[in-house]
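Each remark here refers to the structure printed beneath this line.
The values are calculated or read from the model by the stated rules, or taken from the named source; none is laboratory data. Keep in mind that what you see is a predicted model, and the values were worked out from it rather than measured. Please note: Cβ atoms are built from the backbone with ideal geometry, for glycine as well, and neighbour counts cover all protein chains shown.
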Amino acid sequence: MKNILLVAILLFAAHTASYSQVQLNHPQKMWRNKNGRLFANKHQSMYLMLSTSPGTTGDTEQLESESGPKYANPFYFDSEGLNTIRTPSQVDPETKELVYPIKDVVFEVYADGIAPQTKSYFTNAKKHTYSDTVYYSNGLKISFSTYDKTSGTEATYYSINAEPYQIYEDTLVIKTEGKYELKYYSIDHVGNIELVQKRLFIIDTSAPVVSWKMHGDVAGKIVSARSKIELIALDTGSGLRKIQYQLNENEIKTYKQPIALSTINSGKHEFKFWAVDNVGNQSSNNDSANSSAGSEIATFSFVIDYDPPEASVEIINDSYKGKYIYVSERSLCKLDAKDNQLVISKIIYGPNKLEMDKTYSDPFAFDHTLKSQTIYYQSFDVVENHSNVGQLSVISDTEAPTSGIDFEGNIFFNRDTLFINKNTKVKLFAQDAGSGVKSTEYQINDTEFIEGKEFTIQEDGWHTIKFFSIDNVNNKETLKESGVYVDNIGPEIFINCSIKPTRQEQFEGKTINVYPPFIKLYIGATDKNCGTESIYYSIDNGEKKNYASNGSPAHMELFKQEKVYSVSVEAKDKLGNIEQKTLQFKVAKH
């Protein structure tokens, strides 16, 4: 059995296990990847050994250096990455003769002396930083990514709140409130250890506490317009971001100072309020001296009592408010009044403040002999407290709008008939000198009426379009009608050859004619309704050319080469409808 000479690189390192929160002891080592590359730690001492057989069963001797003994045992790799160990020349293992051309025997070793770099990512939670303290909301996810240039990362370790280090395998999710200290580092495959990195943060899952107080004239749930609402909130975590409130179903607002009730209408009101901290925790079910718990968002109700009653007006049936208020012949004026505590005695009205001599009982009609009119009104309670004088100014609109029809796109007139196709847009337009156009509706043939001003008609043939418009006070226009003919069919294409075929052959599963090289083609097209606009042809998917131009297949012998030709023809009518036809044939001399 032949002896095989091997050069072995031995690595000596101590391994110490640790189960405390201090950084683990990871030994320096060698590592061979799946491609057979050998990696060594650049900081390790190295020794060269000779062996007469693979493994450790043969004679083994440690190599010495006569020329440089000081630097030989141990020796160190000087370069990051690829290093080589060489013998002067290659020898054939069978013949033991030199191999020509002479080349070194090269043993590759990749030295790695740089530790990995690890980045941490905090996601899925709101973040807030205050005075170098970082807060996160519930559900924080922590993940790591590492990079190592040479041997690659072997593992990433982490420790939370002084717990023993453990290997990172999947995203960490932290839901429990409290202070956290996260430490982490990575090692590569040859034992280079990254310096421990540290991140301090706080998980805040506690919502703020908020309460309210009513200042001013308060008697149970009834308050005056001179009262104010004060909101008070406290947060012991990430800090208070804002206090918000909502009166009835109105817009949500941010609380900045006590809320004056002087601008709020009299009557019963519902007040909701809540606080949000800097990581999004929102208060709920809060208790206070003046409120009760039990709802998701703290709520209380109150009644504002303005002494005088409040009069109001409403238009029944048709009305429209734009720059002016418009009414129709069907409109009625309804007056009403309310008082928080007392009973309404009467409502009076008239054409001006000095002639409010009518007592209101039921809704009444407007005077349409006047183009514009104003109604003044006032309410009284049983102790003669009266509201301010209100007024309603309206403009009478008794005329319907007028509509018209137009077309955009492909159109063609022939024999007193308007031709369109499926791409032609039918556009309806309307105008109204009073309240303005509210809607336009149309019907195609005997279908249901549809609201709209722009549409297309897809089906071929004659169609009747009926349409009308309604203004903003529901005055309806008399039905109008228009007729169109829809033509979606392009011209019929005819391709004739100048000579009869000499025979037929099979080509790609179909039968084609065979012609001599002097064949010419005559192309024509007819359109039933609108006439042919243009004819284009292309040979073998080449450039499209106008058949009416010089050099067409009817005037020149374009098919002299012996092969199968494919001629594509495209015809367009005056509406833009396009038809296509393809002819395949073969040209052969025999």
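Key figures
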| quantity | calculated |
| --- | --- |
| Count of region 549-582 residues which are more than 28 Å from Lys422 (Cα to Cα) and of a type outside the set (D, E, K, R) | 15 |
| Hits in region 260-275 - residues which are loosely packed, with under 15 Cβ neighbours inside 10 Å and at pLDDT 90 or above | Ala260, Glu270 |
| Region 499-530, residues that are in contact with a strand residue (DSSP E or B) (Cβ under 7 Å, 6 or more places away or on another chain) and without any contact (Cβ under 8 Å) to a residue 60 or more places away in the chain | Ile499, Arg503, Gln504, Thr511, Tyr522, Ile523, Gly524, Ala525, Thr526, Asp527 |
| Residues being over 15 Å from Phe122 (Cα atoms) and among the charged types (D, E, K, R) - total across region 190-218 | 3 |
| Region 169-189, residues that are farther than 14 Å from Phe122 by Cβ and surrounded by 16 or more Cβ atoms within 10 Å (Cβ to Cβ) | Lys183, Tyr185, Ser186, Ile187, Asp188, His189 |
| Answer from Val587, Val569 - the residue that is modelled with pLDDT of 90 or more, out of contact with any Pro (no Cβ under 8 Å at 6 or more places or on another chain) and among the aliphatic types (A, V, I, L, M) | Val569 |
| In region 150-168, residue surrounded by the fewest Cβ atoms within 10 Å (Cβ to Cβ) [restricted to those that are without any contact (Cβ under 8 Å) to a residue 40 or more places away in the chain and assigned to a loop (DSSP other than H, G, I, E, B)] | Asn161 |
| Extreme residue, surrounded by the fewest Cβ atoms within 10 Å (Cβ to Cβ), among residues of region 71-126 that are basic (Lys, Arg) and touching a residue at least 24 places away in the same chain (Cβ under 8 Å) | Lys119 |
| Matching entry among Ser361, Ser393, Ser435, Ser379 (being touching a strand residue (DSSP E or B) at 6+ places or on another chain (Cβ under 6 Å), under 24 Å from Ile325 (Cβ atoms), modelled with pLDDT of 90 or more and part of a loop (DSSP other than H, G, I, E, B)) | Ser435 |
| Boolean, Asn25 is modelled with pLDDT of 90 or more and within 60 Å of the chain's Cα centre (by Cα) | no |
| Single condition Arg32 does not satisfy, out of (1) in contact (Cβ under 8 Å) with a residue 60 or more places away in the chain; (2) exposed (fewer than 15 other Cβ atoms within 10 Å of the Cβ); (3) among the basic types (Lys, Arg) | (1) |
